[in-house]
Amino acid sequence: MIQFSPLLAVLLAVNSVSLVLFGMDKLKSMSRGWRIPEARLLLVALCGPFGAFAGMLLFRHKTRKIKFFLVPLLMLVQMVALLYFRLI
């Protein structure tokens, strides 16, 4: 049986929320509706960088903004932390 860490479950959930928020913001940008503030997207990317990066690539959203180039760096930091604490 595979052991599933509670922290890993939380990270999976946060990354999923991050992906959904990037998708929602892209849809809202195309319909010129209310947008999710960039500060909130960056905060979500800090906690869930894998979902944010997937959302950036999948929806082609926020790829030209310089501050969103931090997302791959945040992915690396989270991956190192996961390996350090042996959660994967």
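What to note about this one:
- One residue from R32, R64 being at positive phi and of a type outside the set (D, E): R32
Table: residues versus (1) under 28 Å from F4 (Cβ atoms); (2) free of Cβ contacts under 8 Å to residues at least 24 places away in the same chain; (3) aliphatic (A, V, I, L, M).
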position: M24; (1), (2), (3): yes, yes, yes
position: P49; (1), (2), (3): yes, no, no
position: G55; (1), (2), (3): yes, no, no
position: F69; (1), (2), (3): no, yes, no
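- Residue in segment 45-88 that is farthest from A9 (Cα to Cα), counting only those that are part of a loop (DSSP other than H, G, I, E, B) and hydrophobic (A, V, I, L, M, F, W, C): F85
- Identity of the residue in segment 1-23, within 19 Å of M79 (Cβ to Cβ), small (G, A, S) and surrounded by fewer than 17 Cβ atoms within 10 Å (Cβ to Cβ), that ends up nearest to the chain's Cα centre (by Cα): S16
- Any chance K26 is surrounded by 16 or more Cβ atoms within 10 Å (Cβ to Cβ) and either more than 12 Å from the chain's Cα centre (by Cα) or of a type in the set (D, E, K, R) (or both): yes
- Only residues that are surrounded by fewer than 19 Cβ atoms within 10 Å (Cβ to Cβ), among the aliphatic types (A, V, I, L, M) and in contact (Cβ under 8 Å) with a residue 24 or more places away in the chain were counted in segment 29-47, giving 2.
- Residue in segment 19-44 that is nearest to L82 (Cα to Cα), counting only those that are part of a helix (DSSP H, G or I) and of a type in the set (V, I, T): V44
Only the coordinates and a few stated rules stand behind these numbers; no lab work does. Bear in mind the structure is a predicted one, so any value in this text is a computation, not a measurement. Virtual Cβ from ideal backbone geometry, glycine too; neighbours counted across all protein chains shown.
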